[in-house]
Amino acid sequence: MEYDNYYQAENLFGNPYPELIDFYTAIKEKGKLLDLGCGQGRDAIALARLGFTVTGIDTSKVGIEQLNAIAEKENLALKGIVENIYSYSNFRAFDFILLDSMFHFGKKEKEKEIRFLNKLIELSNPNTLITICIQKTGKKLEILDSLLSNKQDLEIIDRTELIYKYEDKETNHSSETKYEMVTAKKKKLS
């Protein structure tokens, strides 16, 4: 597993976006949150610390073990599960669904990612908030916007620009990448 090797470095991707934390901090009624592709728990741990009951899913056993160790140590309402997000379907169990850096919409994965996002939207409950953080490179955001705008049962409630800052202390490499955080609310169709 590729990410099992990457995750030998703890906290590989750094801290969560401050804007993401601000958005979820402002939510008065915390509930059940699903973090798909949670990795080592960069977002999941911070959101559990805010009072959400978080389930994180990732294919990396190493990442999930690190997340679960922190959850146990801090007694957080957080559980990590090793599973392929594309085979997951229990979206109705959650009030909030987060997908941070999960969609790339490249040639090889585009159709698979679109099918998955359609399934997620279809199977989630009315009033579920779905937050997607996506790179603002190529046509990724354009593809996402097109997909979301064609959904009559979704309402975009927030759009926030993000800057992801990556620093590798060992190699002294750093970079900044623009992202967009898009949050949609699933509506009840009459």
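Here are a few things to note about the model shown:
- Among LEU34, LEU50, LEU141: highest mean-square fluctuation, GNM of the chain, C-alpha pairs under 10 Å: LEU50
- Placing R0 at 30 angstrom, the Cβ-Cβ distance between ASN150 and ARG49 gives a FRET efficiency of 0.25 after rounding to 0.05.
- Global geometry of the range 2-186, whether rounded, prolate or oblate, following the gyration tensor of its Cα atoms and the 1.5 cut on a/c: rounded
- Gained length - TYR166 relative to SER87, 0.36 nm times residue gap less alpha-carbon distance: 25.4 nm
- Amide H contacts for GLY31 (H built 1.01 Å from N in the peptide plane; partners 5 or more residues away or on another chain; cut-off under 5 Å): THR53.
- GNM flexibility winner over the chain from PHE94, PHE116, PHE23 (Cα, springs under 10 Å): PHE23
- Rounded to the nearest Hz, the phi-derived 3J(HN,Hα) couplings of the range 31-46 under the Karplus curve 6.51 cos²θ - 1.76 cosθ + 1.60 (θ = phi - 60°) are x, 8, 10, 10, 10, 8, x, 6, x, 7, x, 3, 8, 4, 5, 4, where x marks glycine and proline.
- Here's how it looks for LEU162: its modeled amide H is under 5 Å from those of TYR179, GLU180, MET181, which are all 5 or more places away or on a different chain.
- Summed residue charge, Cβ within 9 Å of ASN127's Cβ, Lys/Arg positive, Asp/Glu negative: +3
Every read-out reported here was derived from the displayed coordinates using simple, explicitly stated rules and does not represent laboratory data. Since the model is a prediction, treat every value here as computed from it, not as a measurement. Glycine also receives a Cβ, built like all others from the backbone with ideal geometry; neighbour counts cover every protein chain displayed.
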